[in-house]
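Here's the structure, in structure tokens; my notes come after.
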Amino acid sequence: MDGASHAALQGCVASLRSSMQLLDSSINILDAGVSDYPRLSKVLQTTRHFELVSEPSLRTAQQTLLSSLEPELDNLLSRVEVHLDKLARREQSLMAKAELQEGRLSNASRPSGGRKSPAAARGSVGAGEALTEAEMRRLTQLRQKKERLSYAVGRLELQSTQRERQLRKSMAAQ
């Protein structure tokens, strides 16, 4: 081999070595970039969170929902109206009843002007005089007391008969 070809071959070898170094550095760079590829694919992967729906399908769904709910709402509204009518009638009847009771109470609380009690119509104890207002109140109180006492006596009699029955049952059981 002569010197000229040897020098030419040395230039080729040097060029080949520099190319190999360049390839090695490129491979190292690619390895560094590709080694993180699984993580990058996970990070860059897109996830669809919301489904986009077209406007016509949305309107169709709304119409379907409206057509299914409308009869139920109409039914509920009619029931509410009927119930409100009943409540209004009941309110009116209760108001009328309250007015009637109020009228009765006011008539019972004031002394009777045109009507006289049987004792007042008969007069007082043989003297023929009309009863005074104080005597009328006292008479009313005595009547109320008599009613309370008669109620209490009736209740006590009922208790007495119940205890007698219990006593008879216990005596019969022995």
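The values are calculated or read from the model by the stated rules, or taken from the named source; none is laboratory data. These figures come from a predicted structure and were not determined experimentally. Cβ: placed from backbone, ideal geometry, glycine included. Neighbour counts: every protein chain shown. With ligands, DNA and RNA removed, areas are computed over all heavy atoms of the protein, side chains included. Shrake-Rupley method; radii C 1.70, N 1.55, O 1.52, S 1.80 Å.
Below is a table of values for the structure above.
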quantity	calculated
Inter-centroid distance (Cα atoms) of segment 133-168 relative to segment 1-36, Å	130 Å
Estimated distance in nm for a label pair at Arg79 and Phe50, the labels positioned 7 Å out from Cα along Cα-to-Cβ	3.6 nm
Extension gain, Ser150 back to Leu30 (0.36 nm per residue minus Cα-Cα distance, nm)	31.7 nm
Given 15 as the ceiling on other Cβ atoms within 10 Å, longest exposed-site-free region of the chain for GluC sites (Glu not before Pro) in DSSP loops	52-128
Accessible surface of the chain [probe 1.4 Å, protein heavy atoms]: carbon and sulfur percent	59 percent
Arg89 versus Ser5: modelled label distance in nm, points set 7 Å from Cα along the beta carbon direction	12.8 nm
Å² per residue, accessible surface of the chain at 1.4 Å	94 Å²
